[in-house]
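Take a look at the structure set out below.
Each reported figure results from applying straightforward, stated rules to the coordinates on display, with no laboratory input. This is a predicted model, so every value here is computed, not measured. As a convention, Cβ positions derive from the backbone with ideal geometry for all residues, glycine included, and neighbour counts pool all protein chains shown.
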Ligand code: NDP
Ligand code: OXD
């Protein structure tokens, strides 16, 4: 068995050693143009040539949860695309989103500014019932985030493609319930996959539907958000702020107006990092199942794009 690696997050040797520990006879190597064709691949954002040169790939394991970069490529029809599910990312996403929500809800930025200025001042109390949080995407990560927010007793709404039931969370589904979901939410957390249906979904129309003083947390993909529309709604005062971890162009260009914006917090795509050990263990388990001819979770539906 030949396994091609492309752009593993950590050291390539970690992956080679880890795979050899289970399949000592396997040929595992970093791919570069002209490499021998492989049976399986473990890759993050490979170029088109990666697939063009490997027409017999049985499966590609995406080194991340989001497969939008792969879905832009022509992948051989028989190649199964398998993504990471959780693999240590869900708890990180819950930490990040809860931190952003709590920082805004408790006015901690204002307290930090006051502390720097040597000012002792209490903000008005905000009650949870005035702070409903809407989670777009109730998949592996969105579910964990919604549950973590419930742990802090926020009212939580969730929107998915198909209807889902999650304890103490108000569910909305499909395009026809999007406006009702937005109108019921003050804070919006985007955890959707990037697909033809979801690109630019955070635009002026949808963000205007959030409750007055709304707050946007985008931890999914930069192309979900129309940057100029967010800026316009911050200027108009309809939105109070945003926490953004993902951007249309990464790294965020130095001249971008998000940098230094007083109402926008920025992080460099770190809300949920890919963890080597967890990812290796999950991929080994899935590859063992595939080799036994068993079904595996996390196979991407190419027609819907996630
Ligand atoms: P899942 O595939 O498990 O969940 C996706 C959710 O989105 C599902 O609930 C799905 O609905 C819903 N959805 C998809 N399309 C639509 C639509 N058109 N309308 C309404 N709902 C829709 O993905 P994960 O939770 O694992 O990951 C979500 C995304 O998070 C990834 O695609 C990636 O882009 C991003 N991510 C970002 C990271 C970061 O560090 N910033 C790290 C990891 C992931 P249904 O349940 O009905 O199928
Ligand atoms: C992912 C990511 O999709 O890191 O896993 O963004």
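Suppose the chain between residue 119 and residue 37 were pulled fully straight at 0.36 nm per residue; how much longer would it get relative to their current alpha carbon spacing? Don't jump to the answer; show the numbers that get you there.
Values: separation 82, 0.36 × 82 = 29.52 nm, distance 6.50 nm.
Answer, rounded to one decimal: 23.0 nm.
Among DSSP beta bridges lying fully in the chain, give the percent that are antiparallel, nearest 5.
5
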Starting from the Kirkwood radius over alpha-carbon pairs of region 90-266, derive D by Stokes-Einstein at 10 °C in a medium of 1.306 mPa s and give it in µm² s⁻¹.
-> 96
Treating the angle as unsigned and between 0 and 90°, give the value, to the nearest 10°, between the Cα long axis of helix 140-151 and the longest Cα principal axis of the chain.
-> 30
Measure nothing fancy, just the Cα-based angle from helix 276-291's long axis to the longest principal axis of the chain, in degrees from 0 to 90, nearest 10.
-> 50
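How much length is gained if the chain between residue 277 and residue 256 is pulled fully straight, taking 0.36 nm per residue apart and subtracting their Cα-Cα distance, in nm to one decimal?
On the way: separation 21, 0.36 × 21 = 7.56 nm, distance 3.53 nm.
Using 0.36 nm per residue and subtracting the Cα-Cα distance, I get 4.0 nm.
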DSSP beta bridges in region 90-266 [antiparallel fraction, %, rounded to 5] | 5
Compare 156, 127, 91 in a GNM of the chain, Cα atoms joined below 10 Å, and give the one with the largest fluctuation.
-> 127
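Using Cβ contacts closer than 10 Å as the measure, can you line up 217, 284 from fewest to most? The partial results should precede the final answer.
Working: 217 26, 284 16.
Fewest to most other Cβ atoms nearby, the residues stand as 284, 217.
If you take the beta carbon distance between residue 111 and residue 153 as r and set R0 to 25 Å, what does 1/(1 + (r/R0)^6) give as a FRET efficiency, to the nearest 0.05?
On the way: r = 21 Å, r/R0 = 0.85.
So, using R0 = 25 Å, E works out to roughly 0.75.
Translational diffusion coefficient, Stokes-Einstein: compute it for region 120-214 using the Kirkwood radius over C-alpha pairs as Rh, at 37 °C and 0.692 mPa s, and state it as an integer in µm² s⁻¹. Don't skip to the end; give the middle numbers.
On the way: Rh = 13.7 Å.
Calculated translational D: 239 µm²/s.
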In degrees, nearest ten, helix 89-105 long axis to first principal axis of the chain (Cα) = 10
Could you check which residue among 80, 13, 294 shows the biggest mean-square fluctuation in a GNM of the chain with a 10 Å Cα cutoff?
-> 294
Region 106-130-region 251-286 distance, computed between alpha-carbon centres (Å) | 28
Taking springs between alpha-carbon atoms closer than 10 angstrom, which of 39, 109, 168 fluctuates most in the Gaussian network model of the chain?
-> 109
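Using only Cα atoms, what is the ratio of the radius of gyration of the chain to 2.2 N^0.38 Å?
On the way: Rg = 21.2 Å, N = 306, 2.2 N^0.38 = 19.4 Å.
Dividing the Cα Rg of the chain by 2.2 N^0.38 Å gives 1.10.
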